[in-house]
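What follows is one structure encoded as structure tokens, with my remarks underneath.
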Amino acid sequence: MSTITTKDGTSIFYKDWGSGQPVAFSHGWPLSADAWDQQMMFLGANGYRVIAHDRRGHGRSGQTWSGNTMDQYADDLAELFETLDLRDIVMVGHSTGGGEVARYIGRHGTSRVAKAVLLGAVPPQMLKTEANPDGLPKEVFDGIRASTLADRSQFFLDLTMPFYGFNREGAKVSEGLRQSFWLQGMMAGVKPAYDCIAQFSETDFTEDLKKFDVPTLIAHGDDDQIVPIGASGLKSAKLVPGATLKVYPGGSHGLAQVQTDAFNADLLAFIRG
């Protein structure tokens, strides 16, 4: 397996396939780099070098007790880019991974970055506060924490239904995709997975988004039941200078896996554009 060891001694697993301009993927919670396999195969076949890592505490990376913070996630990504000497990168982040991309740009700038893609991403902030009245109440995230501690195996399996929109009338349910989500979730350490809930829900990415100075695609399903578009994608599109907003009618949080052809085509067009 390909890994780097970060400055604090954490092992970070990554995939690095193909050749050409690098496209780096950041996954959602509680998943791993495997969530991007369809996009990596597609872009790799179209002449791009594709890289995806398992966030610390997730997948095949080290199960860290501490340091499970958005700042550290971004710094781990910076270490990976530096180790592989990646430049002219297209950064693609889904959900929590979209927050990781935003915080990376906020902390490390865009000297290595050519473009950015935020898919169903958590910025600018998921938690409802006085300054963010459109967010979700803290009780929602307290419930996720409680379920993760009580029986995360069943919780992750149940979560797949709204995640992929499989609970909608007429939806074609993929049991294989549900099991893949469950497997990736169960590979995460329970402590880092628990810690990450606060990071994806409470972090305010507003100032990070304002620092974007590269072409940015904000893609979001308008039926995203996990990260509702009104409090996330629509707001981010107004904060990122010159952002392109792509809304998928009826699109779920996991639209990259259930509307794969449409998203892949849009992703390739944006990268080439």
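The values are calculated or read from the model by the stated rules, or taken from the named source; none is laboratory data. In this text, all values refer to a predicted model and were calculated from it rather than measured experimentally. Cβ placement follows ideal geometry from the backbone for every residue including glycine, while neighbour counts extend to all protein chains displayed. Only protein heavy atoms, including side chains, enter the accessible area calculation; ligands, DNA and RNA are left aside. Shrake-Rupley method; radii C 1.70, N 1.55, O 1.52, S 1.80 Å.
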Item to check | Selected residue (criterion: surrounded by the fewest Cβ atoms within 10 Å (Cβ to Cβ)) from residues of the range 81-115 that are within 12 Å of the chain's Cα centre (by Cα) and assigned to a strand (DSSP E or B) | outcome: 93
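Checking the structure you have, find out if any residue of the range 135-147 is among the hydroxyl-bearing types (Ser, Thr, Tyr), modelled with pLDDT of 95 or more, within 17 Å of the chain's Cα centre (by Cα) and surrounded by fewer than 18 Cβ atoms within 10 Å (Cβ to Cβ). Spell out how you get there, then give the answer.
Just the residues of the range 135-147 that are among the hydroxyl-bearing types (Ser, Thr, Tyr), to begin with: 147.
This time we only want the ones that are modelled with pLDDT of 95 or more, so: 147.
Then keep just the ones that are within 17 Å of the chain's Cα centre (by Cα); that gives none.
Among the residues of the range 135-147, not one is among the hydroxyl-bearing types (Ser, Thr, Tyr), modelled with pLDDT of 95 or more, within 17 Å of the chain's Cα centre (by Cα) and surrounded by fewer than 18 Cβ atoms within 10 Å (Cβ to Cβ), which makes the answer no.
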Checklist entry - Does the range 245-258 hold any residues that are of a type outside the set (A, V, I, L, M), under 18 Å from the mean Cα position of the chain (by Cα) and over 15 Å from residue 36 (Cβ atoms), and which are they? => result 246, 248, 251, 252
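Taking the range 41-67 as the region of interest, how many residues are in a strand (DSSP E or B) and within 16 Å of the chain's Cα centre (by Cα)? Can you show your working first?
Within the range 41-67, the first condition is being in a strand (DSSP E or B), and the residues that meet it are 49-53.
Pick out the ones that are also within 16 Å of the chain's Cα centre (by Cα) and you get 50-53.
Within the range 41-67, residues that are in a strand (DSSP E or B) and within 16 Å of the chain's Cα centre (by Cα) number 4.
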Checklist entry - Any idea which residue in the range 218-239 is least open to solvent (accessible area, probe 1.4 Å), counting only those that are aliphatic (A, V, I, L, M) and in a loop (DSSP other than H, G, I, E, B)? => result 227
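Give 176, 242 a once-over and let me know the one that is part of a loop (DSSP other than H, G, I, E, B) and free of Cβ contacts under 8 Å to residues at least 60 places away in the same chain.
Numbers: 176 fails: part of a loop (DSSP other than H, G, I, E, B).
Going through 176, 242 in turn, just one is part of a loop (DSSP other than H, G, I, E, B) and free of Cβ contacts under 8 Å to residues at least 60 places away in the same chain: 242.
Against the definition (of a type in the set (Asp, Glu), under 16 Å from residue 96 (Cβ atoms) and surrounded by fewer than 18 Cβ atoms within 10 Å (Cβ to Cβ)), how does residue 207 come out, yes or no? Lay out the reasoning, then the answer.
Numbers: of a type in the set (Asp, Glu): yes; under 16 Å from residue 96 (Cβ atoms): no; surrounded by fewer than 18 Cβ atoms within 10 Å (Cβ to Cβ): yes.
Against the criterion (of a type in the set (Asp, Glu), under 16 Å from residue 96 (Cβ atoms) and surrounded by fewer than 18 Cβ atoms within 10 Å (Cβ to Cβ)), residue 207 does not qualify.
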Item to check | Qualifying positions in the range 138-164 - in contact with a strand residue (DSSP E or B) (Cβ under 8 Å, 6 or more places away or on another chain) and of a type outside the set (Phe, Trp, Tyr) | outcome: 138
Item to check | Some residue of the range 254-262 being in contact with a His (Cβ under 7 Å, 6 or more places away or on another chain), over 30 Å from residue 130 (Cβ atoms) and either open to solvent by 40 Å² or more (accessible area, probe 1.4 Å) or not acidic (Asp, Glu) (or both) | outcome: yes
Checklist outcome for this item: Apart from one, (1) open to solvent by 50 Å² or more (accessible area, probe 1.4 Å); (2) in a helix (DSSP H, G or I); (3) of a type outside the set (Phe, Trp, Tyr) all hold for residue 159; the odd one out is (1)
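If you scan the range 240-253, which residues turn out to be closer than 29 Å to residue 49 by Cα and open to solvent by 60 Å² or more (accessible area, probe 1.4 Å)? Break it down stepwise before answering.
Within the range 240-253, the subset closer than 29 Å to residue 49 by Cα is 240-248, 251-253.
Those that are closer than 29 Å to residue 49 by Cα and open to solvent by 60 Å² or more (accessible area, probe 1.4 Å): 241, 242, 244, 245, 246.
Select, from 166, 181, 212, the only residue that is part of a helix (DSSP H, G or I), of a type in the set (A, V, I, L, M, F, W, C) and surrounded by 15 or more Cβ atoms within 10 Å (Cβ to Cβ). So that I can check it myself, show each step before the final result.
Working: 166 fails: part of a helix (DSSP H, G or I); 212 fails: part of a helix (DSSP H, G or I).
Matching residue, one of 166, 181, 212: 181.
Could we say that residue 28 is part of a strand (DSSP E or B) and open to solvent by less than 50 Å² (accessible area, probe 1.4 Å) here?
Spelling it out, it is not the case that residue 28 is part of a strand (DSSP E or B) and open to solvent by less than 50 Å² (accessible area, probe 1.4 Å).
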